[in-house]
């Protein structure tokens, strides 16, 4: 099950009897605690793109749960007549469910179909088997910051001529022939890049940030949890472009990292609307 990251730090920003939006509801880890803090009258609008997760999320009379993408934030708010928004949480990381239980190819340690998607749309298998070499190289370089992107892309093209690349472990074996061993799995950066491309994660983040700032009340807080430099760079640029205060990010403490090692790269940035 997904463990909410930087939970205490997020809840410290919540006030009683205010309305909040959780753009990445998941199983409701953050939202459950937000509802506790903003009782008795505060409400939460929770948005979750993944239908499987959405069907298993928490239920509460003060929660409006929506199965949709947060890129439609303004439309969702209007459709549900959700007003007076004091804060918005956006946890840009994927759920542990996707790695551990979804069977969609997010993990490079399991033999699964190369899907990597949160909802509908293109799959990682289509990218690997249909995109040209230059485009695959670009994705790995830009979204995975993989210095062996050119060699990996070339090897993928060679291998797919012999047989279609359909599973995670097929892809991992190709990458291992190119990338030397290190502390992290050689496939880590490639898998990140493919996941970002499949789900348009960076483009979607760019689309939702201005919407979130627009719908917030004056002095409302936009809380963004990012997990890698590409996401954090987008957030920092957004803050600078809108002439907002760029504060030092909040990061997990040693105790949280010990309990949940996947939290170690998380950064929470809090933007206060003027």
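Can you give me the C-alpha center-to-center distance between segment 212-274 and segment 14-38, rounded to a whole angstrom? Here the two parts' Cα centres lie 17 Å apart. Helix 133-144 and the long axis of the chain differ in direction by around 40°, with both axes built from C-alpha atoms. In the chain, the longest principal axis of the Cα atoms and the axis of helix 201-215 are about 10 degrees apart.
Ranking of 188, 57 by neighbouring Cβ atoms within 10 Å, starting from the fewest: 188, 57. One chain, two ends: residue 248 and residue 111. Fully extended at 0.36 nm per residue, the span grows by 45.3 nm beyond their Cα-Cα distance.
Roughly how tilted is helix 188-199, in degrees to the nearest 10 and between 0 and 90, from the longest Cα axis of the chain? That works out to roughly 60 degrees. Dividing the summed -39500 (n - 2.57) terms of all DSSP H runs of n ≥ 4 by the residue count of the chain sets its mean residue ellipticity at 222 nm at -12000 deg cm²/dmol. Given their separation in residues at 0.36 nm each and the Cα-Cα distance between them, residue 274 and residue 59 gain 74.1 nm when the chain is fully extended. Shape class of the chain from the Cα gyration tensor (axes a ≥ b ≥ c, square roots of the eigenvalues): prolate, since a/c reaches 1.5 or more and a/b is larger than b/c. Contact order for segment 103-199, expressed relative to its length and based on alpha carbon pairs under 8 Å spaced 6+ residues apart, stands at 38 percent. According to the square roots a ≥ b ≥ c of the eigenvalues of the Cα gyration tensor, what is the shape class of segment 1-104, taking rounded for a/c under 1.5, prolate for a/b larger than b/c otherwise, and oblate for the remainder? Taking the square roots of the gyration eigenvalues as a ≥ b ≥ c, segment 1-104 is oblate. Ranked for footprinting exposure by Cβ neighbours inside 10 Å, fewest first, 225, 174 give 174, 225.
Taking other C-beta atoms within 10 Å as the exposure proxy, 272, 215 rank 272, 215 from fewest upward. With a simple spin-label model that places each label point 7 Å from the Cα along the Cα-to-Cβ direction, the separation between residue 166 and residue 17 comes to 6.1 nm.
A simple spin-label model places the labels of residue 101 and residue 8 2.6 nm from each other, with each point 7 Å out along Cα-to-Cβ.
The calculated FRET efficiency for residue 151 paired with residue 130, based on their beta-carbon distance and R0 = 35 Å, is about 0.95.
The numbers here are math on the coordinates, done by the rules we state, and not lab data. Quick caveat, the model's predicted, so the values are computed rather than measured. Glycine gets a Cβ as well: all are built from the backbone with ideal geometry, and neighbour counts include every protein chain shown.
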